[in-house]
Amino acid sequence: MKFLAITLIVHAPDPVTGVLKPTGARFREVLDNALLAEELGFDGFGVGERHERPFISSSPPVVLSHIAALTSRIRLFTAVTTLSLLDPVRAYEDYATLDHLSRGRLELIIGKGNGAAQRDLFHVTPEDQWDRNAESYEVFRKLWRQDKVTAATRFRPGLVDAEVWPRPLQQPIRVWHGSATSKESVDLAARYGDPLFSANVTNPIDPYAELIGYYRDRWEHHGHDPARIAVGAGTAGYYAAPTSQEATSAYRPVFEGQLAFQKRLGLQPVFTTLEDFVERSSALIGSPQQIIEKVHRYHERFGHTVLHLHADAGGLTDRQHRDSLTLFQSAIAPVLRREIPDPPFPWGPVQAGPPPLPVSADR
């Protein structure tokens, strides 16, 4: 099994202290968390894309380019690239450039994106967002694979023998399809034989398991080899401590702060108590053994071989955050790596990267 640390770069007051960090300090925190993930042995680091409050993750290629310069081993993910909002030609140019700057460590997770505010910002409607996502991906996919592209399009000017530069390093790049609640993204992934990444963060397990089952059915319908399926899954939260009592005690103020924040945003929480959150959500909170057992329970339903944890402290102290991630890599990841298989494809850079720069002294 492989493990990613992912951030959506939420810029909001700390759920426990109420302190709002300056924008620059929040970006510096993201960079430091990427360095920490590589130091501890995570296999990938992902940066989301959102174009609305409370996120400042509107430009993942820029953030990931900076991370690429600071790291040498860890694979770099988008989580997700919102192709329904983007011109696929411009998206291709950004990511082909990043592919070279990262020396072949880039992977994409694509999706239509969430949120009415960002749809309005880009003049995308609920009625056309899925068609935009599918069209943008088809064009993006051709641009990555072909030196000259001709494409008739609805949502941008058509292309006739178009040449777009630079040509990428990886041929082809691996593209995952982010899946939350809809069959459209699942259908698109299965049609092209691409891996699926289940969000798996908002609801109990059943709707996500149903979509993954549907993906497997559609994969075989399109004639792909079942042995080549790869599924990733997210987690709603993470905190490990030597005992379950220590873990829940430390995480309780974080959960209560996040609950209050959701209510201020006008959201209706799915899990209203920490006990229910630990029991029925995908959150991994408890002792190492409890977390190992829970990942196995989800694996029985999903068959996933990649798992993501939150890269951000999110209300934990810096020491709690680091200690918990260290415990994951020392006591949890080795067991899961041994007991759950890896994805059915190579994992590593196309070219060896440069030595990492020194970690900042302020971390």
Inset, instruction - Kindly list the number of the only condition in (1) crowded, with 22+ Cβ neighbours inside 10 Å; (2) at pLDDT 95 or above; (3) small (Gly, Ala, Ser) that fails for ALA134. - result: (1)
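Evaluate the following for ILE67: is it touching a helix residue (DSSP H, G or I) at 6+ places or on another chain (Cβ under 9 Å), within 29 Å of ASP32 (Cβ to Cβ), in a strand (DSSP E or B) and β-branched (Val, Ile, Thr)?
Working: touching a helix residue (DSSP H, G or I) at 6+ places or on another chain (Cβ under 9 Å): yes; within 29 Å of ASP32 (Cβ to Cβ): yes; in a strand (DSSP E or B): no; β-branched (Val, Ile, Thr): yes.
No: the conditions fail for ILE67.
Given the residues TYR239, TYR215, which is the only one that is assigned to a helix (DSSP H, G or I), under 19 Å from the mean Cα position of the chain (by Cα) and either buried (at least 20 other Cβ atoms within 10 Å of the Cβ) or not polar (S, T, N, Q) (or both)? Working first, answer last.
Numbers: TYR239 fails: assigned to a helix (DSSP H, G or I).
Within the list TYR239, TYR215, the selection yields TYR215.
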Inset, instruction - Run PRO157 past the list (1) surrounded by 12 or more Cβ atoms within 10 Å (Cβ to Cβ); (2) in a loop (DSSP other than H, G, I, E, B); (3) without any contact (Cβ under 8 Å) to a residue 12 or more places away in the chain and report the number of the one that doesn't hold. - result: (1)
Inset, instruction - Could you grab me the full set of residues in segment 286-318 that are buried (at least 20 other Cβ atoms within 10 Å of the Cβ) and either among the acidic types (Asp, Glu) or within 16 Å of ILE205 (Cα to Cα) (or both)? - result: ILE291, VAL295, TYR298, PHE302, HIS304, LEU307, HIS308
Legend entry - ALA91 being under 25 Å from GLY158 (Cβ atoms) and either in a loop (DSSP other than H, G, I, E, B) or of a type in the set (A, V, I, L, M, F, W, C) (or both): yes
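Let me confirm something: among THR181, THR150, which residue is surrounded by fewer than 17 Cβ atoms within 10 Å (Cβ to Cβ) and under 26 Å from PRO343 (Cβ atoms)?
Working: THR150 fails: under 26 Å from PRO343 (Cβ atoms).
Every option except THR181 fails the conditions.
Is segment 230-246 home to any residue that is farther than 24 Å from ARG297 by Cβ and of a type in the set (Asp, Glu)? I'd like the intermediate steps shown before the answer.
Taking segment 230-246 as the starting set, the residues that turn out to be farther than 24 Å from ARG297 by Cβ are none.
Checked segment 230-246: no residue is farther than 24 Å from ARG297 by Cβ and of a type in the set (Asp, Glu).
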Legend entry - Which listed residue, of LEU121, LEU98, is of a type in the set (A, V, I, L, M) and surrounded by fewer than 17 Cβ atoms within 10 Å (Cβ to Cβ): LEU121
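Looking at ARG141, ARG103, which one is assigned to a helix (DSSP H, G or I) and touching a residue at least 12 places away in the same chain (Cβ under 8 Å)?
Values: ARG103 fails: assigned to a helix (DSSP H, G or I).
Of ARG141, ARG103, the one residue that is assigned to a helix (DSSP H, G or I) and touching a residue at least 12 places away in the same chain (Cβ under 8 Å) is ARG141.
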Legend entry - Selection status of LEU8, under 17 Å from the mean Cα position of the chain (by Cα) and surrounded by fewer than 23 Cβ atoms within 10 Å (Cβ to Cβ): yes
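I'd like the full set of residues that are part of a loop (DSSP other than H, G, I, E, B), closer than 28 Å to PHE122 by Cβ and either in contact (Cβ under 8 Å) with a residue 24 or more places away in the chain or of a type in the set (Ser, Thr, Tyr) (or both), limited to segment 14-53.
Here is the first cut: in segment 14-53, the ones part of a loop (DSSP other than H, G, I, E, B) are 14-22, 41-43, 48-53.
With closer than 28 Å to PHE122 by Cβ added as a condition, the list becomes 20-22, 48-53.
Result: GLY48, GLU49, ARG50, HIS51, GLU52, ARG53.
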Inset, instruction - Please go through segment 256-279 and pick out each residue that is among the small types (Gly, Ala, Ser) and free of Cβ contacts under 8 Å to residues at least 12 places away in the same chain. - result: GLY266
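The values are calculated or read from the model by the stated rules, or taken from the named source; none is laboratory data. Everything numeric here is computed off the predicted structure, so don't read it as measured data. Don't worry about glycine lacking a Cβ; one is built from the backbone with ideal geometry, like all the others, and counts go over all protein chains shown.
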